[in-house]
Amino acid sequence: MSTDQPQQMDQGWALLSVDMQMEMANATAAGRPRATPDAEDNIAQLMAGFRGAGLPVLHVMHDDPRAESKFRRDLPSGQPMPCAQPQEGETVFWKTGSSGFVGTGLAEALQARGIRNLVIVGGVAAFCVNSTARSAANLGFGVAVVEDALIAFAMPARKGGDLDAEVVLEVTLSSLAAGFGDVLPTQEVLARLPVAA
């Protein structure tokens, strides 16, 4: 994809929400530093926009096999956040690792539906969003990651201390933009959606 000319989205596009589960909200409420405070609102807008345009909305969620994890489908913390509740008819793919494409059947489902391009939102930007976007590009899908519709937390630096949430997000987005797809704001994505008939 090129951002030189805004590309109108058609039935070959889908919105993919990654790991928008209650543990994200719990970590935010507990005070974990994060970037993009409007991510939840933007994700809700994008879901409404795609649904209104008749384009698919798909969900990937984390079901960690480790007993101590809070990202498990049998826990309240593993349930969808209010801003990203799947609606009837929307497929949820459960993953046990970082990428939404490993062991989930997501790629096959996209190919069966003729979906060639993904708009990716969700969390955590540097981890599962990053892994999923890179996998999508490696499998030949067009990728657009929505810069202000991602949950991005600060993270521990390997030599001690913490990396600022905004720095983590910028490095993540810069690496994706350099080799894996487009990085776009919410409003540009909404402007590319077709008008519902």
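The values are calculated or read from the model by the stated rules, or taken from the named source; none is laboratory data. These numbers were taken from a predicted model, which means no experiment stands behind them. FYI the Cβ positions are ideal-geometry reconstructions off the backbone, even for glycines, and counts take in every protein chain you see. Heavy atoms of the whole protein, side chains included, go into the accessibility calculation; ligands, DNA and RNA do not. Shrake-Rupley method; radii C 1.70, N 1.55, O 1.52, S 1.80 Å.
Residue-normalised convex hull volume from the C-alpha trace of region 130-197: 102 Å³ per residue.
Between Arg32 and Gln187, the contour length at 0.36 nm per residue exceeds the alpha carbon distance by 53.1 nm.
Taking a sphere under 11 Å around the Cβ of Val57 and counting the other residues whose Cβ falls inside, with K and R at +1 and D and E at -1, yields a net charge of 0. Summed over the residues of the chain and divided among them, the accessible surface reaches 46 Å² per residue at a probe radius of 1.4 Å. Overall, the chain carries a charge dipole of about 460 debye about its Cα centre when +1 sits on the Cβ of Lys and Arg and -1 on the Cβ of Asp and Glu, all other atoms neutral. In this Cβ point-charge picture (+1 for Lys and Arg, -1 for Asp and Glu), region 57-164 has a dipole of about 320 debye about its Cα centre. Counted by Cβ distance under 12 Å from Ala35, the other residues give a net charge of -4, where Lys and Arg count +1 and Asp and Glu count -1.
For the pair Val167 and Asn138, label points projected 7 Å from Cα toward Cβ lie 2.7 nm apart.
For the chain, taking Cα atoms only, Rg and Dmax work out to 15.8, 55 Å respectively.
Taking every DSSP bridge with both residues inside region 90-164, close to 25 percent are antiparallel.
Note on Ala157 and Gln111: the extension gain reaches 12.7 nm, defined as 0.36 nm multiplied by sequence separation minus the Cα-Cα distance.
The slack between Thr96 and Asp41, meaning 0.36 nm per residue of separation minus the straight C-alpha distance, is 17.1 nm. Measuring spread by the Cα atoms of region 65-171 yields a radius of gyration and Dmax of 15.1, 46 Å. What a 1.4 Å probe finds exposed on the chain is 53% carbon and sulfur by accessible area, rounded to a whole percent. Of all DSSP-defined beta bridges confined to region 1-107, some 10% are antiparallel rather than parallel.
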